[in-house]
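Down below is the structure, laid out as structure tokens.
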Amino acid sequence: MKIAIAADHGGFELKENLKKHYEKQGIILDDLGTYSTDSVDYPDIAEKMCKNILESSSDLGILICGTGIGISIAANRHKGIRAAVLYSDDVARLAKEHNNANIIVFGGRTMTLDEVVGRIDIFLKSEFQGGRHGCRIGKMDD
Ligand code: RB5
């Protein structure tokens, strides 16, 4: 599975720590930026990630800003994107089972590395349930 990651300056540190964490397991995340702590605008980062996902360059995106809120709002403006802020372990499971999120979102200033790694793990191990949930997703993209 190909996973892309991107963050604004509020999520830069968490992005770097996630990359290091997965590198140790031999998993390379495709880093779409930002590449320093200099201030950037999260809608620009979200747009870059959404383009990547919608062109099927990656199977899943990870987006990070300070809270996860701004960058998820921006990503969800793009048709075909289902960006979910994984603010708890239960939500990490449900974001896959019910919403089949194609971008998962975290807060670099509100969540710890351990919490985020745990939620990514739960999300990846969960399965989309389809059925009525598939019908609802379809309605959003019509
Ligand atoms: C940037 O300072 C901050 O506003 C941004 O990272 C995010 O938290 C917005 O929702």
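Read-outs throughout are calculated quantities, based only on the coordinates presented, and are distinct from any laboratory measurement. This is a predicted model, so every value here is computed, not measured. Note that we place each Cβ from the backbone using ideal geometry, even for glycine, and neighbour counts take in every protein chain shown.
Data overview
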{"read-out": "Check on Lys96, outside any helix (DSSP H, G or I), in contact (Cβ under 8 Å) with a residue 24 or more places away in the chain and either within 12 Å of the ligand (Cβ to nearest atom) or in contact with a helix residue (DSSP H, G or I) (Cβ under 8 Å, 6 or more places away or on another chain) (or both)", "value": "no"}
{"read-out": "Breaking point among (1) more than 16 Å from Ile122 (Cα to Cα); (2) assigned to a loop (DSSP other than H, G, I, E, B), for Met49", "value": "(2)"}
{"read-out": "Residue in region 36-47 that is surrounded by 18 or more Cβ atoms within 10 Å (Cβ to Cβ) and over 22 Å from Ala95 (Cβ atoms) present", "value": "yes"}
{"read-out": "Residue that is farthest from the ligand (Cβ to nearest atom) [pool: residues in region 1-24 that are farther than 24 Å from Lys125 by Cβ and not charged (D, E, K, R)]", "value": "Phe12"}
{"read-out": "Residue that is of a type in the set (A, V, I, L, M, F, W, C) and within 16 Å of the ligand (Cβ to nearest atom), where the choices are Val40, Val91", "value": "Val40"}
{"read-out": "Odd one out for His133 among (1) within 16 Å of Phe12 (Cα to Cα); (2) surrounded by fewer than 16 Cβ atoms within 10 Å (Cβ to Cβ); (3) more than 15 Å from the ligand (Cβ to nearest atom)", "value": "(1)"}
{"read-out": "Residue satisfying all of: in region 61-80; surrounded by fewer than 18 Cβ atoms within 10 Å (Cβ to Cβ) and outside any loop (DSSP other than H, G, I, E, B); nearest to the ligand (Cβ to nearest atom) among these", "value": "Ile69"}
{"read-out": "Positions within region 1-41 being within 16 Å of Met111 (Cβ to Cβ), under 13 Å from the mean Cα position of the chain (by Cα) and not in a strand (DSSP E or B), in sequence order", "value": "Asp8, Gly11, Leu14, Lys15, Leu18"}
